[in-house]
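In what follows, a single structure is set out as structure tokens and then discussed.
The values are calculated or read from the model by the stated rules, or taken from the named source; none is laboratory data. All values reported here derive from a predicted model rather than from experimental measurement. No Cβ is skipped: glycine too gets one built from the backbone with ideal geometry, and neighbour counts run over all protein chains shown. We work out accessible area using only protein heavy atoms, side chains counted, and drop any ligands, DNA or RNA first. Shrake-Rupley method; radii C 1.70, N 1.55, O 1.52, S 1.80 Å.
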Amino acid sequence: MSRPFHLLHVVGARPQFIKLFAVQQALARHPPGAIASRVLHTGQHYDHELSRVFFEDLGLPAPDDHLDIGSASHGRQTGMMLERIEQVLLARRPDVVVVYGDTNSTLAGGLAAVKLHIPVAHVEAGLRSRNTAMPEEINRVLVDHLSTWLFCPSPAAAANLAAEGLGSGRPAGSPERGHPAVVVSGDVMCDAVSHAAALAAERRAPAGATDRYGVLTIHRAETAGDPARLAEVAAFVNRMAGDLDIVFPAHPRTRAALDAHRIRLGDRVRVVAPLGYLDMIRLLTGATVVLTDSGGLQKEAYWLRVPCITLREETEWLETIESGWNVLYRDHPSDRPRSEDNGAYGDGRAADRVVSALVEQAATAPVGAGG
Ligand code: UD1
């Protein structure tokens, strides 16, 4: 009997568990036995609220390999992952490594694989903020340039890749030696959100949800890691909190930074522990506004039709701004009309396209990008 086609997914941070879920759902729709799928968790996120609750909420099986890497400086964290992921890849010998988004786990997974000549599939390819001070921007660019398959959430993301010489002039979906395949699959988070919204509707509203409230999240290094910037963002939040209650599920790094720099949030800002995915979607569906530096939440707000104010200087998710549902905080308020159409990132079937492209290509042209 021939060996099944073997995918190995590398994940480590909370948004990646959601993306993995969407792809696993699509894999479950394929005939059993044809594809083997294993999950490696780097341990980048390790708190229950940032990791295990996502596996529980989404019914994901426990990872096959868990590296328990945890927090460290960027170099050390990424380096430790690289070494340990390589060991797993040598033992497991997958046909393709699938990496998600833009975290240090994404970079380490992609780099470990391509060095072993294992083709890499990057889900959420082609996003650019043009801000190289963000660790996520470095990760995105490097991973796109080492991948064999680039699955883009939107045509604009594919255009970013073409501008960097990736995929231009090549037939979509067919990697050739030295040239990646670019596929506009749509966003797998869109697939996940419709599933989550149905489940979340059955939940009680999380603590802090009053009659009229906003939701706040801050987690990025560019915000939480810069005291002056964090103070400025906090001042903006406090002005908004003059008008409404704000629920703030706080990332541990942000909570620590606020304490360390004695940055005060107003009385109407209620700080709570990080929420699991379904509780977050439940909180979001009842919110008047979302204030965030997260990429995932900007899109979830757009799909759930909740106005969003992005606490950054720029965003990768330009379509949400163009739609009128999102605005950068310096540009707030916006006078753009809000569009009825929220389909800029596909139709909720992105993961099926990812899986189909990988399975079809595996049958015909199993080649690595670097050759
Ligand atoms: C990471 C990603 C970011 C992604 C985000 C999702 C990188 C460079 N950044 O940022 O792209 O959007 O995850 O949440 O990979 N910490 C805990 N408990 C945890 C995890 C983190 O206390 O479970 C604290 C630690 O103090 C740590 C800090 O948070 O030093 C930052 O953690 P890190 O692993 O760098 O990831 P995030 O900031 O969450």
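Worth a mention:
- Accessible-area ranking of Leu304, Leu199, Leu278, largest first, probe 1.4 Å: Leu199, Leu304, Leu278
- Rounded to the nearest 20 debye, dipole of segment 175-271 from Cβ charges on Lys, Arg, Asp, Glu: 360 debye
- A Cβ-based charge dipole, computed about the Cα centre of segment 231-307 with Lys and Arg at +1 and Asp and Glu at -1, lands at about 60 debye.
- Loop trypsin sites (Lys or Arg not before Pro), segment 78-182 (other Cβ atoms within 10 Å of the site Cβ: 14 or fewer; DSSP): Arg130, Arg177
- Relative contact order computed over segment 145-299 (Cα-Cα under 8 Å; 6+ residues apart), in percent: 26 percent
- Percent accessible area from carbon and sulfur atoms, the chain, protein chains only, probe 1.4 Å: 51 percent
- Prolate/oblate/rounded call for the chain, Cα gyration tensor, a/c under 1.5 rounded: prolate
- When the surface is traced with a 1.4 Å probe over the full set of protein chains, Met280 keeps roughly 30 Å² accessible.
- Taking every C-alpha pair closer than 8 Å and separated by at least 6 residues, the mean separation divided by the residue count of the chain gives a relative contact order of 17 percent.
- Farthest toward the positive end of the dipole of the chain, out of Met280, His332, Leu318, is the Cα of Met280, where the dipole comes from beta carbon charges about the Cα centre.
- With bins 5 Å wide beginning at 0, the percent of Cα pairs of segment 56-197 falling in each bin runs 2, 10, 18, 20, 19, 17, 11, 3, 0.
- Prolate/oblate/rounded call for segment 308-356, Cα gyration tensor, a/c under 1.5 rounded: oblate
- A straight chain from Ala91 to Ser71 at 0.36 nm per residue would run longer than the Cα-Cα distance by 4.7 nm.
- Global size of segment 58-116: 11.6, 33 Å for Rg and Dmax (C-alpha atoms, Rg to one decimal, Dmax whole).
- Debye log10 I(q)/I(0) for segment 114-241, one point scatterer per Cα, at q = 0.12 Å⁻¹: -0.69
- Rounded to the nearest 10 Å², the accessible area of Leu150 at probe 1.4 Å: 0 Å²
- Dipole magnitude (debye, nearest 20) for the chain, charges at Cβ of Lys, Arg, Asp, Glu: 420 debye
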